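Data first, discussion second: the structure below is written as structure tokens.
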Amino acid sequence: MNIAVIGTGYVGLVTGVCLAEIGHSVTCLDIDEEKIGLLNHGKSPIFEEGLEDLLEKNLQRGRLDFTTDYWEGLAGKEIIYLAVGTPETADGSADLTFIEAAGRAIAAHLKQNAVIVTKSTVPVGTNQSIKRMIESELAEPVQIRIVSNPEFLRQGTAVHDTFHGDRIVIGSDDPAALALLEEINRPFQLPIVKTDLRSAEMIKYASNAFLAAKISFINEMAHLCAHVGANVDNVAEGMGMDSRIGGKFLQAGVGYGGSCFPKDTNALIAMGRSYDYPMPLLGSVQHVNDKQRDWLVEMIQTRLGNLEGKTIALLGMTFKPNTDDMRESPAIRVAEQLQAAGATLRGYDPVAVLRARQVMPATVMLTDNLQEAVQGADCAVIITDWKQVKDLPLEEYAGLLASPLLFDGRNCFNLKVAEASGIEYHSIGRPIVNSPGTVSSLASH
Ligand SMILES: NC(=O)C1=CN([C@@H]2O[C@H](COP(=O)(O)OP(=O)(O)OC[C@H]3O[C@@H](n4cnc5c(N)ncnc54)[C@H](O)[C@@H]3O)[C@@H](O)[C@H]2O)C=CC1
Ligand SMILES: O=C(O)[C@H]1O[C@H](OP(=O)(O)OP(=O)(O)OC[C@H]2O[C@@H](n3ccc(=O)[nH]c3=O)[C@H](O)[C@@H]2O)[C@H](O)[C@@H](O)[C@@H]1O
């Protein structure tokens with residue numbers, strides 16, 4: 001089928017490339033000329049495993065092309081995916097400026113009947129209002145149908161998730177449009193949930209909010225574990241074996257970040273507010289998450305005291321491994337707080353040094369060399385569970401640091417391994433290992 005994808009960010013680009021891979025003819029359109037320039041040369045502007053290979057392959061097959069021109073992008077396209085950003089406004093609600101601008105551009109350039117498929121995460125009711133807006137501004141008398149097709153991919157595993165996701169959700173109040181979307185997606189061979197427009201919009205927000213709640217739940221348990229001497233990882237494992245609970249998204253740590261959980265929980269709360277329902281559960285989920293960053297900083301301050309004159313290595317800048325995305329990364333707040341307390345900071349990240357430079361405090365020295373960041377520092381603090389960070393033996397950390405002290409915001413290391421290495425090891429919701437002046441016994445952990 002002939003498909004246009006508007007927006008070539010994390011979602012639009014992956015969608016366009018994967019739709020080409022399953023056999024469709026796809027034009028991706030973006031207003032960012034630099035991105036389109038790179039893409040036309042087979043270069044991905046984002047770090048996403050497997051994406052560049054599929055991009056090059058489908059460019060060569062002639063199934064995929066990129067443009068900044070709406071006339072060219074929409075010519076002959078019967079299906080138009082919308083994948084522009086829906087960031088947060090000052091009051092927490094979703095900013096629909098980009099969606100509206102893309103909708104207006106579609107109305108002005110469309111010459112044939114088309115099905116609009118919204119991939120962007122949008123508040124309930126948005127698809128209906130976008131359809132009305134486009135219809136009221138159409139330059140030609142053509143017919144518009146609309147489908148909500150929310151995206152569930154995770155950054156870092158986006159291509160894998162597209163081909164191996166748990167489900168594809170398509171929502172529309174138009175049976176013909178639903179049938180068409182089912183046909184487009186059939187080659188993915190994934191379960192397809194067909195529903196109405198509003199329920200599809202809601203499924204996306206409810207899913208992200210539930211995952212965020214799972215993370216905050218285990219982080220709240222981690223606090224209590226730290227007080228009572230339990231190990232939150234053991235607790236999560238024991239809980240997760242109950243199939244009603246499930247073991248995924250129970251990894252305690254410095255809290256969730258990224259472009260979606262923070263903004264989507266806010267947008268859901270804003271939606272609730274507009275109906276006079278304050279969504280108290282979600283407010284608590286956010287509160288617990290904010291406190292995780294503070295908790296890590298407090299741990300460091302409690303152990304080191306005055307941070308003036310101390311050098312701290314922050315390991316991992318991105319909000320999770322295998323992405324170069326810095327949006328809402330816990331590293332930003334941790335760095336700001338440590339710096340305000342007087343510490344000198346070095347930041348390590350294997351892929352995101354350039355992006356981190358744009359958002360981290362200016363005085364943080366940034367490097368993609370792990371050893372260089374750790375060498376001679378008074379302690380190291382793991383923010384992102386990059387493979388490189390997990391693979392460096394604790395003995396090496398101990399040897400590189402001025403004093404062998406490691407704070408782990410992602411619980412990357414086994415406690416017995418930490419004990420054997422001799423490093424003083426603080427993690428989230430687990431007993432401190434090799435703490436000075438205490439005899440460590442990890443037999444039960
Ligand atoms: N990043 C992720 O992992 C996921 C994101 N989502 C949702 O998907 C949507 C897109 O997110 P991302 O891909 O992360 O955003 P992004 O910010 O990476 O990309 C958005 C792209 O849209 C382009 N754009 C903006 N206005 C445009 C216009 N009028 N015409 C053409 N292009 C335009 C921008 O230049 C940019 O390249 C959001 O609603 C987000 O909540 C959903 C699931 C996963
Ligand atoms: O709507 C979106 O944008 C996407 O948001 C998340 O995907 P993503 O933000 O890419 O990454 P996740 O793997 O979900 O991680 C989000 C954050 O939670 C943290 N996390 C995750 C899992 C966990 O157990 N503990 C934990 O702290 C991660 O470190 C990261 O900071 C969802 O997992 C996707 O399904 C969804 O499509």
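The values are calculated or read from the model by the stated rules, or taken from the named source; none is laboratory data. Since the structure is predicted, the reported quantities are computational estimates derived from the model, not experimental observations. Here Cβ is always computed from backbone atoms with ideal geometry, including for glycine, and neighbour counts include all displayed protein chains.
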Discussion item. Being aliphatic (A, V, I, L, M), within 16 Å of ligand 2 (Cβ to nearest atom), closer than 24 Å to residue 143 by Cβ and within 28 Å of the chain's Cα centre (by Cα): is that true of residue 99 here?
Written reply: yes
Discussion item. Can you tell me which residue is nearest to ligand 1 (Cβ to nearest atom) among those in segment 266-308 that are surrounded by fewer than 20 Cβ atoms within 10 Å (Cβ to Cβ) and small (Gly, Ala, Ser)?
Written reply: 270
Item to complete: Report yes if some residue within segment 37-45 is in the same structural domain as residue 98 (by TED's automatic domain parsing) and in contact (Cβ under 8 Å) with a residue 40 or more places away in the chain; otherwise report no.
Response: no
Discussion item. Among the residues in segment 225-244, are any in contact with a helix residue (DSSP H, G or I) (Cβ under 7 Å, 6 or more places away or on another chain), assigned to a loop (DSSP other than H, G, I, E, B) and of a type in the set (Val, Ile, Thr)?
Written reply: no
Worksheet item: Could you list, in sequence order, the residues of segment 61-79 that are within 11 Å of ligand 1 (Cβ to nearest atom) and of a type in the set (Val, Ile, Thr)?
Response: 67, 68
Discussion item. Regarding segment 258-265, can at least one residue be identified that is surrounded by 14 or more Cβ atoms within 10 Å (Cβ to Cβ) and over 20 Å from the mean Cα position of the chain (by Cα)?
Written reply: no
Worksheet, complete the sentence: Scanning segment 172-220 residue by residue, those touching a helix residue (DSSP H, G or I) at 6+ places or on another chain (Cβ under 6 Å) and over 21 Å from residue 82 (Cβ atoms) turn out to be 209, 212, 213, 216, 218, 219, 220
Practice prompt. Can you work out which of the residues in segment 255-278 that are at pLDDT 95 or above and near ligand 2 (Cβ under 7 Å from one of its atoms) is farthest from residue 385 (Cα to Cα)?
Written response: 264
Worksheet entry | Top-ranked residue of segment 1-37 - restricted to ones that are closer than 24 Å to residue 353 by Cβ and buried (at least 16 other Cβ atoms within 10 Å of the Cβ), ranked as nearest to ligand 2 (Cβ to nearest atom) | 10
Worksheet, complete the sentence: Checked segment 303-337 for anything within 14 Å of ligand 2 (Cβ to nearest atom) and basic (Lys, Arg); matches are 320, 327, 333
